[in-house]
Amino acid sequence: MANSATNGSRVGSLPWAVVLDMDGVIVDTEPLYIRIDAIVCREHGVHVDEQEFEPHVGQRAREMWAELRERFGLAASVDELLARSVALHDEALEAGDVPPPVPGVLELVGQLHRRRIPVAVASSTPAAAIDRVLDRVGMRDLIAARIGGDQVVHAKPDPEIYLQTADALGLPPSACVAIEDSVPGVAAARAAGMACVGLQNPHSGSQDLSHATVVVDSLHGLDIERLAGLVPRGGSAG
């Protein structure tokens with residue numbers, strides 16, 4: 001594990017890391033997911049307004065389909081609904097329908113990598129899909145650790161995925177800063193003891209990120225010094 005550069009500033013004083021959610025933080029996948037979910041519902045005779053999916057942003061797909069199945073009386077099983085949505089998502093990726101990177105994320109991750117500050121991904125998306133997306137946006141080699149939703153028992157807002165990511169990084173959760181765009185994600189990061197930047201991404205719907213340590217409208221201008229300032233020195237994340 002590479003520690004941050006020693007440059008006499010707060011950035012280099014102690015090891016710390018940044019943990020990114022993927023959907024809505026690395027790439028704007030939420031519109032694609034919502035479009036696919038709406039297609040699956042239509043295939044089962046239910047026309048759902050895309051806004052109906054906004055409360056499920058950041059939720060693991062299996063839990064989402066269990067709730068939608070009950071809510072709309074879908075006849076298919078959760079496994080069938082999930083398998084169809086995954087198949088459509090894979091088809092979209094294979095066809096080159098890869099959502100663009102969130103503005104500013106490539107620059108931020110590049111800066112962190114150059115300063116030898118580890119970057120990890122903690123996403124509700126399955127690990128294999130995370131890897132495909134990271135490959136497509138050219139970030140795979142910049143990521144020190146990756147935990148997907150299929151590698152944990154409990155989904156966000158449970159802190160398990162963030163605790164597991166911190167463990168993979170070899171750091172305490174309080175030495176990590178999470179960046180999240182959803183209510184469950186912010187709750188998971190904070191419950192794990194991490195500081196959390198809430199990214200108000202308009203493509204992720206109307207999300208109340210007020211429980212994040214700080215809330216930003218863009219990753220542009222979110223420099224390393226500001227992130228480092230969120231890491232407590234000798235205390236828990238505030």
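The values are calculated or read from the model by the stated rules, or taken from the named source; none is laboratory data. The shown structure was predicted, so the numbers you read here are calculated from the model rather than taken from an experiment. Cβ coordinates were reconstructed from backbone atoms using ideal geometry, including for glycine residues, and neighbour counts include every protein chain displayed.
List the number of the failed condition for A120; all other conditions in (1) within 15 Å of A192 (Cβ to Cβ); (2) touching a residue at least 40 places away in the same chain (Cβ under 8 Å); (3) part of a helix (DSSP H, G or I); (4) of a type in the set (A, V, I, L, M) hold.
(3)
To keep it simple, each residue is scored yes or no on (1) in a helix (DSSP H, G or I); (2) in contact (Cβ under 8 Å) with a residue 60 or more places away in the chain; (3) within 15 Å of M22 (Cβ to Cβ).
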residue: G110; (1), (2), (3): yes, no, no
residue: D141; (1), (2), (3): yes, no, no
residue: P157; (1), (2), (3): no, no, no
residue: I179; (1), (2), (3): no, yes, yes
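Does V133 satisfy the criteria of being β-branched (V, I, T), at pLDDT below 95 and part of a loop (DSSP other than H, G, I, E, B)?
When the stated conditions are applied, V133 does not pass them.
Kindly provide the set of residues from the range 1-32 that are at pLDDT below 80 and under 18 Å from G185 (Cα atoms), ordered by number.
Across the range 1-32, the qualifying residues are T29, E30, P31.
Criterion first (modelled with pLDDT under 95 and of a type outside the set (D, E)) does P118 satisfy it?
no
Here's the yes/no breakdown for (1) over 16 Å from V105 (Cα atoms); (2) in a loop (DSSP other than H, G, I, E, B); (3) assigned by TED's automatic domain parsing to the domain that holds L82:
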| residue | (1), (2), (3) |
| --- | --- |
| T165 | yes, no, no |
| Q207 | yes, yes, no |
| V215 | no, no, no |
| S218 | no, yes, no |
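Does the range 149-164 contain at least one residue that is hydroxyl-bearing (S, T, Y) and modelled with pLDDT under 95?
Checking the range 149-164: not a single residue is hydroxyl-bearing (S, T, Y) and modelled with pLDDT under 95.
Which ranges mark the helices (runs of 4 or more DSSP H) fully within the range 15-103 that have 3 or more residues being without any contact (Cβ under 8 Å) to a residue 12 or more places away in the chain, over 22 Å from L199 (Cβ atoms) and of a type outside the set (V, I, T)?
Working: elements: 30-43, 61-72, 78-94.
Filter on the range 15-103 gives 61-72, 78-94.
Please pick out the residue among L222, L227 that is hydrophobic (A, V, I, L, M, F, W, C), at pLDDT below 95 and either on the phi < 0 side of the Ramachandran plot or assigned to a strand (DSSP E or B) (or both).
None of the other options fit; the residue is L222.
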